[in-house]
Amino acid sequence: YNYEGVCMKTIKKISAFISKAAEMICILMIAGLVVVIIMELINRNILDSSNRATIEICGIEFLWMAFIGLIPLYHDSGLMRLDFLVNRAKGVPGEILYFANKLFSLLLGVVMVIAFSVQYPYVSTRFYSTFTFPLAYTIQYVPMCIAGAYIAFETLVQLADHIITLASGKSVNADGREKA
């Protein structure tokens, strides 16, 4: 029984599920932006009124869309990376570039989580003034932490998978996937 294979498949399924959930959050945030903006246009142009919280709501939705959108992009290798260079390098130089690329991705994810942790004491005590209920600024920084944690997690999964594949003697592409 191959525990490593089963464990890696389970982790990859969890990662894919998180990526799909992130896509759904992005779709909801885009829909939310459209609804809020249209409602504000109707409110201003037809009802001659305005909702002060519109800008804050749009800002929160945009940050959620932008940061959570990194998750499916990273999962599907859609972020701009050094693949053009890694793909051309073969052998040991290619492996060095692959691991350097993954190291930078891991550091990006960790820095995003650290940035949230450092900002948390400040943003958790500040509240939006336009809402009738207390809503801390933390709400707009949470997606950065979630995306950073995912990028770090997914990078570790990719590194582990790449190392397992290399140890088995199989050849891999620059993206870490086995060559056919």
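Spin-label model, Asn45/Ala89: points 7 Å from Cα along the beta carbon direction are separated by 5.3 nm. From its DSSP helices (H runs of at least four residues, each -39,500 (n - 2.57)), the chain gives a residue-normalised ellipticity at 222 nm of -26000 deg cm²/dmol. Positive end of the dipole of the chain (Cβ unit charges, origin at the Cα centre): among His162, Met112, Met39, the Cα lying farthest that way belongs to His162.
Can you give the Rg to Rh ratio for region 106-149, taking only C-alpha atoms and Rh from Kirkwood?
Working: Rg = 11.8 Å, Rh = 10.9 Å.
With Rg and the Kirkwood Rh in hand, the quotient comes to 1.08.
With all protein chains in place and a 1.4 Å probe, the accessible surface of the chain carries 71 percent carbon and sulfur.
Order 150-158, 46-54, 101-109 from most to least packed using the mean count of other Cβ atoms within 10 Å. Can you show the working numbers first?
Details: 150-158: 20.1, 46-54: 11.2, 101-109: 17.0.
Those peptides, ordered most packed to least, come out 150-158, 101-109, 46-54.
For the chain, the solvent-accessible area of protein heavy atoms averages 62 Å² per residue (probe radius 1.4 Å; ligands and nucleic acids excluded).
A viscosity of 0.692 mPa s and a temperature of 37 °C, combined with the Kirkwood radius over Cα pairs in Stokes-Einstein, give a translational diffusion coefficient for the chain of 174 µm²/s.
The long axis of helix 91-123 is offset from the longest Cα principal axis of the chain by roughly 30 degrees. Taking Cα atoms, how many degrees apart are the long axis of helix 54-68 and the longest axis of the chain, rounded to 10 and kept between 0 and 90? For 54-68 against the chain, the angle is about 10 degrees.
The values are calculated or read from the model by the stated rules, or taken from the named source; none is laboratory data. From a predicted model like this one, the values you see are computed outputs, not experimental measurements. We place every Cβ from the backbone using ideal geometry, glycine too, and count neighbours over all the protein chains shown. Heads up: the accessible areas ignore ligands, DNA and RNA and are worked out on the full protein's heavy atoms, side chains in. Shrake-Rupley method; radii C 1.70, N 1.55, O 1.52, S 1.80 Å.
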